[in-house]
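Please read the structure below before turning to the comments.
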Amino acid sequence: MSNEITATILSIGDELLIGQTVNTNAGWIGGQLSLIGIRPKRVLTIGDDRQEIMEALQAADTDVVLITGGLGPTKDDITKQVLCDFFGTTLVRHPHIEARIAAFFESLGREPLEVNLAQADLPEACTVVPNDRGTASGMWFLRDGRVFVSMPGVPYEMKAMMSAHVLPELRRTFAPPTIVHRTILTTGLGESHLAQRIAAWEDSLAADGIKLAYLPSPGLVKLRLSTYANNDPVGARDRVSLKADQLYRLIPELIFGEGEDRLEKAVGRLLKERGQSLSLAESCTGGYVSHLITSVPGSSAYYTGGVVSYANAVKMEELGIPSDMLELNGAVSQPVVERMALGVREALRTEWSIALSGVAGPDGGTEEKPVGTVWIAVAGPGGVRSLKGFFPGTRDLVIQRSALAALNLLRRELVD
């Protein structure tokens, strides 16, 4: 589009280059910009080096340059000084920010050092962007129609600053074209197989000016529908809603939510609506499913507890698995996992239970049961249902994918 607004995301920090810290900021910022109609054009990651920062600022050719990192109180944090040189300005102390920093340290029972109070020294040419969650203020500069915004690299500070101050001001400044988004969350089918299944529906989107993006992650695929409003946001939303409704009819068993929803929250809602309870028996996941369930506020209304039956002795003593069943079938088997689900459901007196037993790796696999083999069972009022999954990848990926598969099996049982 002729009035397209573009952005550069500049991430500063030696720790990002050496892998000590994963740069999650850039991806989050890019997603937020896209939602308000600003197109991320490039992402640059550079170290705490004056010359490199200066060259990146000089080379910026986008409407917006968003900078994260280098605003701490230590000597390696040089972003403010470089920005002063770039914009031909000097640092000035802001008394009200200094007082807020001092109050923050006093609330922790600590005396602020001068290097802490020096975070109230900000370039005279900037507009200060408040930091509601930390001591490093943001800085907003304007040069030749371009906006430069410097923010702290701490993710929760940066996200709060972006959401409360930067994104709203960018919209007011540039009035980017309105884009209507709708993100539908799926699980149970990989990206390539999902694309094959919805191919005809996807081909129909172009006629309505709608674009589809596949956003895969372990165990999940997000489907993001987007279209420009073109001065008719209601019509754009209607077009997207029509296609979303078609998708719900096409793959109802794969869709568990929209937007920022999570599978464990969707399962929790279903249990809460029914007034039913859940228990868990985990072997290969070692309590990870319980972690997901209890990460949802209010999960105590439906989650009773669980047994991490990592050793066979615990499977026998706590869940009532006969020793001859383990000897005959092995711990990673359909009879054992179904008995685990029934055992924990009976022991904790819940309407529903989930059990998992598998080979998470990297060792322990066999030709018959390679690493990534996981048996999952769900027991409920109507009996027990089980499935065998194969989740290749690292140990962490095996655990994550099998946990999501288990939650999805329960979700489908609840829906059915």
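The values are calculated or read from the model by the stated rules, or taken from the named source; none is laboratory data. Remember, it's a predicted structure, so these values are computed and weren't measured experimentally. Note that each Cβ is placed from the backbone with ideal geometry, even for glycine, and that neighbours are counted across all protein chains shown.
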Inset, instruction - Read through the list (1) acidic (D, E); (2) surrounded by 12 or more Cβ atoms within 10 Å (Cβ to Cβ); (3) over 24 Å from R262 (Cα atoms), then give the number of the only condition that D132 fails. - result: (2)
Legend entry - Filter result (buried (at least 18 other Cβ atoms within 10 Å of the Cβ) and of a type in the set (G, A, S)) within segment 1-29: A7, S11, G13, A26
Inset, instruction - State yes or no: is L410 at pLDDT 95 or above, assigned to a helix (DSSP H, G or I), crowded, with 19+ Cβ neighbours inside 10 Å and over 21 Å from the mean Cα position of the chain (by Cα)? - result: yes
Inset, instruction - For T62, work out the one condition from (1) buried (at least 20 other Cβ atoms within 10 Å of the Cβ); (2) in contact with a strand residue (DSSP E or B) (Cβ under 8 Å, 6 or more places away or on another chain); (3) part of a loop (DSSP other than H, G, I, E, B) it doesn't fulfil. - result: (1)
Legend entry - Selection within segment 182-199 - in contact with a Lys or Arg (Cβ under 9 Å, 6 or more places away or on another chain) and surrounded by 18 or more Cβ atoms within 10 Å (Cβ to Cβ): R182, T183, I184, L185, T186, T187, G188
Legend entry - In segment 1-33, the residues that are among the small types (G, A, S) and without any contact (Cβ under 8 Å) to a residue 12 or more places away in the chain: S2, G19, G27, G31
Legend entry - Flag for T373 being within 23 Å of S217 (Cα to Cα) and of a type in the set (S, T, Y): yes
Inset, instruction - Tell me which residues, restricted to segment 228-246, are surrounded by 12 or more Cβ atoms within 10 Å (Cβ to Cβ) and over 14 Å from L205 (Cα atoms). - result: A229, N230, D232, P233, G235
Inset, instruction - For segment 47-54, state whether one or more residues are closer than 19 Å to V166 by Cβ and either out of contact with any strand residue (DSSP E or B) (no Cβ under 9 Å at 6 or more places or on another chain) or not small (G, A, S) (or both). - result: no
Legend entry - Selected residue (only one of L270, L247 is farther than 23 Å from S357 by Cβ, in the same structural domain as V398 (by TED's automatic domain parsing), in contact with a Leu (Cβ under 8 Å, 6 or more places away or on another chain) and assigned to a helix (DSSP H, G or I)): L270
Inset, instruction - For segment 34-42, state whether one or more residues are surrounded by 15 or more Cβ atoms within 10 Å (Cβ to Cβ), without any contact (Cβ under 8 Å) to a residue 60 or more places away in the chain and in a helix (DSSP H, G or I). - result: no
Legend entry - Conditions (1) under 30 Å from T394 (Cβ atoms); (2) touching a Pro at 6+ places or on another chain (Cβ under 6 Å): number failed by Y228: (1)
